[in-house]
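Take a look at this one; I'll ask things after.
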Number of protein chains: 2
Amino acid sequence: MGLREVKRERTRRLIADKAFELFNDNGFGRTTVEQIAAAAEVGPSTLYRYFPTKETLVLEFVEDCLGDAVSWFREQPELELTAGLQAVIERVLEQLETNPGRVRAVFDMAAQTASVSAHLNELIWRFRTDLADELVLRLPADNRAEFTGALAAGIAMNIIETVVRVWVDTPDTTDARSLARQAMSLLRTGGIPLPAATYRVSDNSGYDS
Amino acid sequence: MGLREVKRERTRRLIADKAFELFNDNGFGRTTVEQIAAAAEVGPSTLYRYFPTKETLVLEFVEDCLGDAVSWFREQPELELTAGLQAVIERVLEQLETNPGRVRAVFDMAAQTASVSAHLNELIWRFRTDLADELVLRLPADNRAEFTGALAAGIAMNIIETVVRVWVDTPDTTDARSLARQAMSLLRTGGIPLPAATYRVSDNSGYDS
DNA sequence: CAGCCATATGGTAGTCACTACCAAATTCCT
DNA sequence: AGGAATTTGGTAGTGACTACCATATGGCTG
């Protein structure tokens, strides 16, 4: 709308970009928030108003990709579940493929900085929960709907996560979405070993099968 | 062996117990490390030698449950994959059922404290990675082994996670392991909607199916 | 038992992420 | 142009966590 919001968006971008630059040059752990603020020519106080934690400076892009896919899915209530799940998966991957360098840098930082890894897992968990909630609404409302939805969302997230981990290592030779489709057909054709209820782990427990 | 290790284990337990007590009484965020150290009658310095972060004071139990299950699995190389996966799942749940109050408290803290949730997700991720590595060793060594192993480990972890979340809310009326078996048979019988490669998410991408 | 070595402990000083708060500057609206 | 709302930067502080060192304690040897 007004000049205010434009300027706000501009400084937001400026801070995020300078932060990313410093992280890449010196590493996440060896970059202080004060340095970032100084590089963006704002006070630390202002920086914290835009980004509540240091980790959000790194992970905002991933968060947006996941968030967009979920809200897109919410707006497609007529979609068949299986097709919808595929579409969500592909949508996330499509968004991530927009900026492979960024994704790779994020995963590198996560690999060597515990707090970044933790925050990333947190985002993933949130995506999974949101997706599960939406799935439950579309499942037949029996007493297992919530359970089923959680499992389905977990599998979808699992595919995304696994595909991305492969893809970030070889972004040039790998097509994330076709890899995802391989995962889907592996799942559907029994190419993945699934746990089977054929083994008793301990006989001295009070549990009866 | 000697008196030294006995004493070390004793103070370790003492610190963890006092910490858990304080967390339950005052909440995780409103308990400082100095308070815990004072309650356990040790210096903060000593506390940090035993527990590198405040979160490990909460999550050590869960970490042990997951770690034990993985190392148990590593020692059973002859086990069929499907049976092995089930056994790992049941073993984790069995261990967690040892102390339902603790598990519940951990999940409560995770629900209201971001850093605990993050650290918990971190543990889960580590379990998944370790399990995947072990699975890869047992899969036929084609170029998809790593991929397949990661997906299988993710599904196993997904079952555990989903079951535990249901179980912690109703620990008295729910049997975690039988719930897990329900999840397994749902998966095997197609009771879970899986993503299917039947939908084109966008036609303007350079991707051809 | 005395003495020595390895280890465990507690304290000090400091860094850094993050919060609460306030006064000054900037933008928007009339 | 003037006042209201909002954005900003600075100050002071909390608390997790680290590096370091002097002291104390348990374990072993002569």
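Would you pick out the residues in the stretch B:166-190 that are under 15 Å from A:A152 (Cα atoms) and basic (K, R)?
B:R188
Scan the stretch A:28-36 and tell me whether some residue there is more than 11 Å from DNA strand D (Cβ to nearest atom) and loosely packed, with under 13 Cβ neighbours inside 10 Å.
Yes, there is a match, as at least one residue in the stretch A:28-36 is more than 11 Å from DNA strand D (Cβ to nearest atom) and loosely packed, with under 13 Cβ neighbours inside 10 Å.
OK, next. Go over the candidates B:V163, B:V136 one by one and state the one that is within 28 Å of B:Q76 (Cα to Cα) and surrounded by 18 or more Cβ atoms within 10 Å (Cβ to Cβ).
Only one candidate qualifies: B:V163.
Would you mind telling me which numbered condition in (1) without any contact (Cβ under 8 Å) to a residue 12 or more places away in the chain; (2) surrounded by 14 or more Cβ atoms within 10 Å (Cβ to Cβ); (3) in a loop (DSSP other than H, G, I, E, B); (4) within 16 Å of DNA strand C (Cβ to nearest atom) A:A110 fails?
In the conditions (1) without any contact (Cβ under 8 Å) to a residue 12 or more places away in the chain; (2) surrounded by 14 or more Cβ atoms within 10 Å (Cβ to Cβ); (3) in a loop (DSSP other than H, G, I, E, B); (4) within 16 Å of DNA strand C (Cβ to nearest atom), A:A110 misses (3) alone.
What's the total number of residues in the stretch A:1-27 that are over 20 Å from A:D64 (Cα atoms) and either among the small types (G, A, S) or within 13 Å of DNA strand D (Cβ to nearest atom) (or both)?
6
Of all residues in the stretch B:44-96 being of a type in the set (S, T, Y) and either facing another protein chain (nearest Cβ under 10 Å) or on the phi > 0 side of the Ramachandran plot (or both), which is farthest from DNA strand D (Cβ to nearest atom)?
By that ranking, first place goes to B:T82.
Further question on the same structure: Are there any pairs, at least 6 apart or on different chains, whose C-beta atoms fall under 7 Å, with the first in the stretch B:1-17 and without any contact (Cβ under 8 Å) to a residue 60 or more places away in the chain and the second within 8 Å of DNA strand C (Cβ to nearest atom), and if so, which?
B:T11/B:V42; B:R12/B:Y50; B:I15/B:V42; B:I15/B:L47; B:I15/B:Y50
Give the residues of the stretch A:1-27 that are small (G, A, S) and surrounded by 14 or more Cβ atoms within 10 Å (Cβ to Cβ), sorted by residue number.
Answer for the stretch A:1-27, where residues must be small (G, A, S) and surrounded by 14 or more Cβ atoms within 10 Å (Cβ to Cβ): A:A16, A:A19.
Just a yes or no: is a residue in the stretch A:20-42 basic (K, R) and more than 22 Å from B:A118 (Cα to Cα)?
Initially, the stretch A:20-42 is screened for residues basic (K, R), giving A:30.
Still in the running and more than 22 Å from B:A118 (Cα to Cα): none.
Within the stretch A:20-42 (the criterion being basic (K, R) and more than 22 Å from B:A118 (Cα to Cα)), the answer is no, since none of the residues qualifies.
So, of the residues in the stretch A:158-179 that are facing chain B (nearest Cβ under 8 Å) and in contact (Cβ under 8 Å) with a residue 24 or more places away in the chain, which turns out to be farthest from B:E161 (Cα to Cα)?
Among those residues, the one meeting the criterion is A:R177.
Return the pairs, sorted by first residue and then second, in which the second residue is crowded, with 16+ Cβ neighbours inside 10 Å, the first residue lies in the stretch A:129-145 and is assigned to a loop (DSSP other than H, G, I, E, B), the beta carbons are less than 7 Å apart, and the residues are 6+ apart or on different chains.
These pairs meet every condition: A:L139/A:T148; A:L139/A:G149.
Considering only residues of the stretch B:139-156 that are closer than 13 Å to B:I124 by Cβ and facing chain A (nearest Cβ under 8 Å), which is surrounded by the most Cβ atoms within 10 Å (Cβ to Cβ)?
Out of the qualifying residues, it is B:A156.
Read the figures in this text as sums done on the coordinates, not as results from a lab. This one's a predicted model, so the numbers in the text were calculated from it and none came from an experiment. Don't worry about glycine lacking a Cβ; one is built from the backbone with ideal geometry, like all the others, and counts go over all protein chains shown.
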